[in-house]
Each structure stands twice: as C-alpha cells, then as structure tokens.
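Please read the structure below before turning to the comments.
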Ligand SMILES: Cc1ncc(C[n+]2csc(CCOP(=O)(O)OP(=O)(O)O)c2C)c(N)n1
Ligand SMILES: [Mg+2]
C-alpha cells in the first residue's frame, strides 16, 4: 500500500471502530439491540460515510447529497452509530436510544432522525425506493449517487428482484447497492431458509456490475466502493458483502448465531473492552 492508501485505511479503521463503539453504547443503554448486525456492517458504513459519500452534516437535506437508504430497518442502530460519527446526529443523543421522544427509536423512522432517508421496517422495500430516487435524480440532472443497504433475508422478497430488473432496465448507473450476506435471518441461516447462490451470477444476469467481497476486510470494501463509483458502464452497481456477525468483539462473534444476539447485562462493558483490545492489538 502506498502512504496515502495507508492513511485512508487507518482513518477508516478508526471510523469503523467508533461506529462499533457507538452501537455497543446504544445497546448498553437499552440492554438490547441488533448489535451483532451493527458490528458486521460497520466497515461498510465507515467506507460509505467517510470515504464514498458526499453530504453536509449540518444540512442533511442538502439536494446535492448522496443518498443512503437503509432497507433493513432493524439495522437502525448501525445507521445511528454512523450518523452520530458523521456529526449528523449529536453524540449526546446516543444516551436517548430507544426511549420515549428520542430521535433514535429502536425501529428506524425516517421522519424522526436527521439523515435517515427511509423507514425500512417492512423488509424488501429499500431497493424499490432506491430505484425511484435514482431515476428521479437522473431525470432532473442531479449527479448524486443513491446508495442502499439491504440484507440477505430480504433476498426472499419478490419485490427485490423486480427492483433489480428495473434498475438495469433504466440504466441506473447512479445506484450502488450493498447486500449484507451475514448468512442469518429470523428463521435461521439464510442459505437454509431460501437458497440464493450463485448470487454473483444472478446479479450479473439481472444486469448489474457486481463485485463480491469480504465485507469485514476494510481494504476490500474501499476498493469495491471505488470500483463501483468509477465503473464506466451504464449498469447499476452491486456489492455483495460477506460479513461476520459480531465482528470486532471476538466473544460475540463466537456466540451461537442468532438473529437477535443475547448480550447479558455484565457483558456490555466486556464487549467494549474486547473491541478496544482489538483496536490496539
Ligand atoms: C416484510 C417483512 N417480513 C418479515 C419481517 C420480520 N423480520 C424482521 S427482521 C427479519 C430477518 C430478515 O433477514 P435479515 O435482515 O438477513 O436478518 P439478520 O441478518 O438481521 O438476522 C424478519 C423476517 C419484516 N420486518 N418485514
Ligand atoms: Mg442477514
């Protein structure tokens, strides 16, 4: 790596650490939360918010911003962690996570939270909404990108495949989608609930410029986002990110996989310490 790449990598590693830390702190506030998922997607969010996207923290509705649509609404805790790190939501609001009148409810609500573009509680909607945003922006000559994150469980939804087809039909080269393959959904391992492989072949057959990466390899995530933005063709861009639930906190990563990882009250501090140990290792 040349020195500018090393500096970029170090900067983003610090951002990813802070996103993981914010998510654990919010989990501790409520004694629960989808922290396994927040830990698995932190590297992708760090690269999206601190390398790829253009936005103004003090003006989240700025029309020139790149949009980030979180389709899998239960990952709201991960998005909040990134919005706090980005300075769009003040750090002190972290303490309000999940409480009455908070702008950070446990189930994400776009109208409550600055920087949140859609309410994604009903799974399978994000790609369809992203197609609308991307088509609308293109038609009015706005050069912004539309990023969307969705999950492997959402691949079970038919609307996702309709949106994939539509994005290619409309040549939405301003659309960059990331699918989080953590091989987990509510009913068990995704590969057992509804087989979706070979996923690269399927995405390519649907007309997407597709890359598959280790979503917890920061260098690979940076390269994939760069290649997605710079790809010269008219296709929409897909990043298939294989991730590890609990990544960054070894004892959570080793825990039996579950849609909702149990964290006992005394374990929040241990998780923060384990995260910190990994950072300085
Ligand atoms: C349309 C719809 N069906 C079912 C649910 C209930 N639900 C909430 S999260 C979830 C799991 C979805 O899979 P994924 O996002 O991959 O799960 P994770 O990786 O977080 O375990 C389900 C089925 C929902 N929110 N929306
Ligand atoms: Mg999943």
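Is it the case that residue 183 is more than 14 Å from the chain's Cα centre (by Cα), within 13 Å of ligand 1 (Cβ to nearest atom), within 24 Å of residue 77 (Cα to Cα) and at pLDDT 95 or above? So residue 183 passes the test. Tally time: how many residues in region 248-263 are surrounded by 14 or more Cβ atoms within 10 Å (Cβ to Cβ), modelled with pLDDT of 95 or more and either assigned to a helix (DSSP H, G or I) or within 13 Å of ligand 1 (Cβ to nearest atom) (or both)? Final tally of qualifying residues: 3. Kindly indicate the residue of region 231-246 that is under 17 Å from residue 181 (Cα atoms) and either modelled with pLDDT under 95 or surrounded by 23 or more Cβ atoms within 10 Å (Cβ to Cβ) (or both) and also farthest from ligand 1 (Cβ to nearest atom) among those meeting that condition. Per the criteria, the residue is 237. With respect to the stated conditions, residue 277 is away from ligand 2 (no atom under 16 Å from the Cβ) and more than 16 Å from the chain's Cα centre (by Cα). Restricting attention to region 251-266, the residues being over 22 Å from the mean Cα position of the chain (by Cα), free of Cβ contacts under 8 Å to residues at least 12 places away in the same chain and within 14 Å of residue 30 (Cα to Cα) number 2.
The condition of being within 16 Å of ligand 1 (Cβ to nearest atom) and modelled with pLDDT of 95 or more holds for only one of 163, 167, 86, that being 163. State yes or no: is residue 123 within 18 Å of residue 54 (Cβ to Cβ), within 16 Å of ligand 2 (Cβ to nearest atom) and modelled with pLDDT of 95 or more? In short, no.
Looking at region 100-130 only, could you name the residues that are over 26 Å from residue 172 (Cα atoms) and without any contact (Cβ under 8 Å) to a residue 40 or more places away in the chain? Selection gives 100, 101, 102, 103, 105, 107, 108, 109, 111, 112, 113.
Among the numbered conditions (1) within 16 Å of ligand 2 (Cβ to nearest atom); (2) in contact (Cβ under 8 Å) with a residue 24 or more places away in the chain, the only one that residue 170 does not meet is (1).
The values are calculated or read from the model by the stated rules, or taken from the named source; none is laboratory data. No experiment lies behind these values; they were computed from the predicted model shown. Cβ: placed from backbone, ideal geometry, glycine included. Neighbour counts: every protein chain shown.
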